[in-house]
């Protein structure tokens, strides 16, 4: 995010997605990416929304495809056939999305949706989405980015932009468009491999993107495990987007990079645990005191020391427990005179000794 004059903020201002707030000091927002794993069935999409809610995700995100507006007919083919034909088979209708939004509101999870063309953005705006998600394939579509940026400025709705399969120069071009239009936006680190080589994920880019562009950052993760998503939290991710599926055995379009509901619940638990552990204050907690009492070391006698003896280094040392004279005072006892008989392996007290000239 930038100031209204275009200069980066040291701390980007928060972004609001419905009741969710993205910002420093706020819980990381976890997006369960349902994509098209529902295979075009509204009932299955609702089941996925319930599963995401039960797993603790903040947002369940779907996809809205308008193949005629997105691509030339029959121009993109892959193992499942023509992409536009495949998308038509797994797509939800606009009325389905409208019903799905109502259902998500009813069960208490935020609905979000990715559009893949400017016309799709307009459909989602008409449906009343609280934010816009832009996939990596559209990030360099500057006419579309300008369109959504102007919507963002007018409505104050944030734009979440994934940055997969792009160069830093292309990201900078997109950011320039967003800033020129004074949009409310953030960037997601992303690698558009399915699944990605861990060496290509580059979580260090989270701090690079934040510092260079002065925006909140997050991580869109296509790996089949939770490891890199969890690590991103410690590196400053304010949003995590993770593909999930009701069951990988159903073989949806993204099953091989999707986690199941129990893994999503584990991700949520891990994120919240990591967030709780990210403090930077060093203090002695009350819960540590019982351990400190036995785990620290105290000054002790190593041998029997008769009364009147001058303590030599070989007579004393440090051992547990820690409720005697702290170990840091060991050398202070050297040369002092013992005032009474001290058995071996005994915690020494200040009252057991006096200075050599004190008699």
Per 5 angstrom bin, beginning at 0 and ending with the bin that holds the maximum distance, the Cα pairs of the range 160-318 fall in percents of 1, 8, 13, 13, 13, 9, 8, 6, 5, 4, 4, 4, 4, 4, 3, 2, 1, 0
For the range 280-319, taking Cα atoms only, what is the radius of gyration to one decimal and the Dmax to the nearest whole Å?
-> 16.0, 50
Helix 261-276 sits at what angle to the longest principal axis of the chain, using alpha carbons and giving 0 to 90 degrees rounded to 10?
-> 50
Grab the beta carbon distance between residue 107 and residue 304, set R0 = 45 Å, and tell me the FRET efficiency rounded to 0.05.
-> 0.05
Which angle from 0 to 90°, rounded to the nearest 10, does the C-alpha axis of helix 142-155 make with the longest principal axis of the chain?
-> 70
Gain on full stretching of the segment that runs from residue 350 to residue 39 - 0.36 nm per residue minus C-alpha separation = 104.2 nm
With a Förster distance of 41 angstrom and the Cβ-Cβ distance between residue 276 and residue 127, calculated FRET efficiency to the nearest 0.05 equals 0.70
Expressed as a rounded percentage, what relative contact order does the range 193-339 have, with Cα pairs under 8 Å and six or more residues apart?
-> 16
Normalised by the number of residues in the range 286-354, what is the relative contact order in percent for Cα pairs under 8 Å and 6+ residues apart?
-> 39
Please tell me the relative contact order of the range 17-276 in percent, rounded to the nearest whole number, where contacts are Cα pairs under 8 Å and at least six residues apart.
-> 21
What FRET efficiency, computed as 1/(1 + (r/R0)^6) with R0 = 22 Å and r the Cβ-Cβ distance, is obtained for residue 211 and residue 234, rounded to the nearest 0.05?
-> 0.85
For the chain, give the share of DSSP beta bridges that are antiparallel, in percent and rounded to the nearest 5; count only bridges with both residues there.
-> 35
Give the dimensionless ratio obtained when the Cα radius of gyration of the range 285-359 is divided by 2.2 N^0.38 Å.
-> 1.15
Nearest 10, in degrees from 0 to 90: the angle of helix 168-180 to the longest Cα principal axis of the chain is 70
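The numbers here are math on the coordinates, done by the rules we state, and not lab data. Bear in mind that the values here come from a model prediction, so they are computed numbers and not experimental data. Here the Cβ is made from the backbone with ideal geometry for all residues, glycine too, and neighbour counts use every protein chain on show.
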